[in-house]
Structures are given as structure tokens and as C-alpha cells.
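Novice: Structure in C-alpha cells, see below.
The values are calculated or read from the model by the stated rules, or taken from the named source; none is laboratory data. Not measured: the values here are computed from a predicted model. Here the Cβ is made from the backbone with ideal geometry for all residues, glycine too, and neighbour counts use every protein chain on show. Surface accessibility is based on the protein's heavy atoms, side chains included, excluding ligands, DNA and RNA. Shrake-Rupley method; radii C 1.70, N 1.55, O 1.52, S 1.80 Å.
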Amino acid sequence: MPTRSQTLAKATALRGLFEARGAALVEPPILQPADTLLDLYGEDIRARAYVTSDALRGEQMLRPDFTVPVVQMHMAHGADPARYTYAGEVFRRQEDDPERANEYVQVGYEVFDRADPAAADAEVFALISQAMQGLPATPVTGDIGVLMAAVAGLETTQARKNALMRHLWRPARFTQMLYRFAGRIPVPQTRQALLDGKVSRNAPLIGLRSQTEIDARIDALKEDAAAPPVSKRQVAQIEALLGVRAALPQAIAQLNALAADMPAIADAVARVAARAQAMSDQGVQSEALVFDASYGRASMEYYDGFVFGFSSDKHPEWPEIASGGRYDALTRRLGQGVEIPAVGGVLRPGLMLELEGAA
């Protein structure tokens, strides 16, 4: 187990790699305002955030990662384009797995550049790969944007599409919901009774929802029940898409074949191909790089495009040693209508040192 001083020394060296590429050093405060951040992180991180409050500052949280604070800073007064790096502690409760660290050092590199998103993706991945060189860890890539495009192209109601989009990062729930919209899962008896008007409304109200909100929800359920099911063909297409896992060139061929019958994903697939070419241009051996269309659905919910991660070959139970992805929509949300394409990646120097000792 590396000491704290060893971990900090490794973090400094990694940060220097990014500073050499022109990244400006930033140091977001450890204590962050909680209101906005809790809405932006995924369900998993929200549940594991350390949150406190006081009369002067209101609700605060120990930073669970750097990306959101860096985006907030950039959208408030950052240059265009810009590159940033950082190194410091992040904090996450580990109530379900006490063996995992609840405080660890993270080093990152973030790129805000609208000129060539594919090249920016490749730049971040190539730099993280360079930092990981020689370690017994295997990279996997994916693209959340392809699945998002597939959902947007479904021939069904907007309400159903919105519901599926919200659950992209909960694979089991997403599949269950898709099957229910396709009529493959029966409507629960309690919901059916509600739809049939067999439920009494004279019970006292319990909870925070008003009668108006309850009635609106019932109306929405009735509207959904009246909508035609998602076709078997489109369900099969989504299943085929999520089943794509192959070396990047083969995966692109499979995605192009799917796009012939799913025109909604054509632009997203073209972005995957452009990124693969940009990676090759930057020296990444993409021929052996795995692309998994389902990858990234258990990570940060602000990712909306390219995603990647490096996992230990000898310790598959470990968290990812390095990870990252594209988060264009996050800049739009924090920029109050202004946006800029952005991508970043992070490394865990403590785990890297453990791998170096095991190599």
C-alpha cells in the first residue's frame, strides 16, 4: 500500500504531464455548494456524498469529483478554448463496501474546445493511455451518445422517450421499462386497478404530493396505457445495439450495419468512426481497443458521448484506475444556454502505484 507522500508525488508527476500539454492548474475548493451539484451527479454519487450545512453557507458537500466544479468555473469566466489539470482529494461514502476508500487522490485533465471534438476525445484518451503505459490494466471505450440517439429515434411518445433517457444509467431499470413500453411485461395489478377506476380516492393524503399532482400523474399513466406499444423490431434493434462489443474496427462495422435500419443513430456512429481515426492519428492502437456499446452506463450521469475506462487485469474487483468521457450537455446546463464541447479524464495515482508494485 503506497504512503500518502508517495501518492502525492505520483499525482504531482501526472499533473506535470498535463501541464506540459498546456493545461492550466486549477484547485476547486474541497467544500462545494451542494444544491446544484447534487442535481448533476448520478444517483450512485448523490447517495454517497458527504453533505453538511451551516447557517452562513447553507448545504455544502465534500467534493466527490473535480469535473463539475471545473465546468462551473470555466462557464463563469473561462477562456475558449481551454485545458485544465488538477490534483487533490475526493470524498465518497462507502457504506456498501467498507473495503473501498472513502477518500482518495484524483488527478485529471479537462479539454474545452469546439474546433474538433473527435480530436479532443483522442487527445484525452491518448494522454491517459500514456500515463497508464506499462501497467497491467485494460482499456474499454464506449459512446453513450449512440444509445441516446437510438432512444430519441424510437417511434413512441415523448414521455416514454424521456423516461428511458432518465434511466440510461440504470441498465436493469432501462430494460424493464423498455419491455413494459413494448407490452412484454404485464401492467402491475395495482396500476391496472388505478387505470380501470377501481381505486378509491377518499383516503387521506400522505406525503408531499398535492391532489393536483396525483391527478396529473394518473392522467399521464392513462395516456401511456393508451399509446401503442414499441414495436418488436425496434426493441430488437435496441437489444442488438447494446450487444455490440468488439475491437473498435469491428464494432464500427456492426454499428454501421445497425444504422442502415436505424437512421437515428447514423450521426452518432459517424462520430465514433471519426474518433477512431483521430485516435489512430495520435498513435493509439485502435485495432485492439475494445468498444462496448453498453459501457459507461454505471458511471457519472453527466456523460453524453465518448466514455472510457481502464480496469486492473489482476484485480477486477477494484474501481477503475482511470476513466473519463464527454459531457457537452453539462456545459450547456451550467452555462445557462451557452455551451462548449468538453471532454476529460481522471486517474487514481494510489491505485496506479499499487499496480506498479504488482507488475
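Novice: Failed condition for Arg63, given (1) under 23 Å from Gly296 (Cβ atoms); (2) in contact (Cβ under 8 Å) with a residue 40 or more places away in the chain, with all others met?
Specialist: Against the list (1) under 23 Å from Gly296 (Cβ atoms); (2) in contact (Cβ under 8 Å) with a residue 40 or more places away in the chain, Arg63 comes up short only on (2).
Novice: Which fully enclosed helices (runs of 4 or more DSSP H) of segment 1-98 have 3 or more residues being within 21 Å of Ala322 (Cβ to Cβ) and β-branched (Val, Ile, Thr)?
Specialist: On the way: elements: 4-19, 34-40, 43-47, 67-77.
Here the list reads 67-77.
Novice: Can you tell me which residues in segment 149-158 are surrounded by fewer than 20 Cβ atoms within 10 Å (Cβ to Cβ) and closer than 23 Å to Ala298 by Cβ?
Specialist: Across segment 149-158, the qualifying residue is only Ala152.
Novice: Whether any residue in segment 99-107 is farther than 30 Å from Arg166 by Cα, touching a residue at least 40 places away in the same chain (Cβ under 8 Å) and among the small types (Gly, Ala, Ser) is what I want to check.
Specialist: No.
Novice: Moving on to the next point. Of the numbered conditions (1) without any contact (Cβ under 8 Å) to a residue 40 or more places away in the chain; (2) over 15 Å from the mean Cα position of the chain (by Cα), Ala268 fails exactly one; give the number of that condition.
Specialist: The single condition Ala268 does not satisfy is (1).
Novice: Using beta carbons and a limit of 6 Å, which pairs, at least six apart or on different chains, have the first residue in segment 318-344 and over 15 Å from Gly145 (Cβ atoms) and the second one basic (Lys, Arg) and open to solvent by less than 20 Å² (accessible area, probe 1.4 Å)?
Specialist: none
Novice: Oh, and also: Here is a list: Arg180, Arg173. Which entry is at pLDDT below 95 and buried (at least 18 other Cβ atoms within 10 Å of the Cβ)?
Specialist: Only one candidate qualifies: Arg180.
Novice: Would you mention how many residues in segment 226-235 are exposed (fewer than 12 other Cβ atoms within 10 Å of the Cβ) and assigned to a helix (DSSP H, G or I)?
Specialist: 3
Novice: I want to confirm something. Restricting to segment 120-142 and keeping residues that are under 17 Å from the mean Cα position of the chain (by Cα) and in a helix (DSSP H, G or I), which single residue is surrounded by the fewest Cβ atoms within 10 Å (Cβ to Cβ)? Steps first, answer last, please.
Specialist: To start, the set of residues in segment 120-142 that are under 17 Å from the mean Cα position of the chain (by Cα) comprises 121, 124-125, 139-142.
Applying the additional criterion that residues be in a helix (DSSP H, G or I) yields 121, 124-125.
Numbers: Asp121: 31, Val124: 24, Phe125: 26.
By that ranking, first place goes to Val124.
Novice: Please note which helices (runs of 4 or more DSSP H) are completely contained in segment 242-343 and include at least 3 residues that are open to solvent by 50 Å² or more (accessible area, probe 1.4 Å) and within 22 Å of Leu178 (Cβ to Cβ).
Specialist: Values: elements: 248-261, 266-281, 328-334.
Answer list for segment 242-343: 248-261.
Novice: Is it true that Ala23 is under 30 Å from Asp281 (Cα atoms), among the aliphatic types (A, V, I, L, M) and in contact with a Lys or Arg (Cβ under 9 Å, 6 or more places away or on another chain)? Full working, then the answer.
Specialist: Values: under 30 Å from Asp281 (Cα atoms): yes; among the aliphatic types (A, V, I, L, M): yes; in contact with a Lys or Arg (Cβ under 9 Å, 6 or more places away or on another chain): yes.
So Ala23 passes the test.
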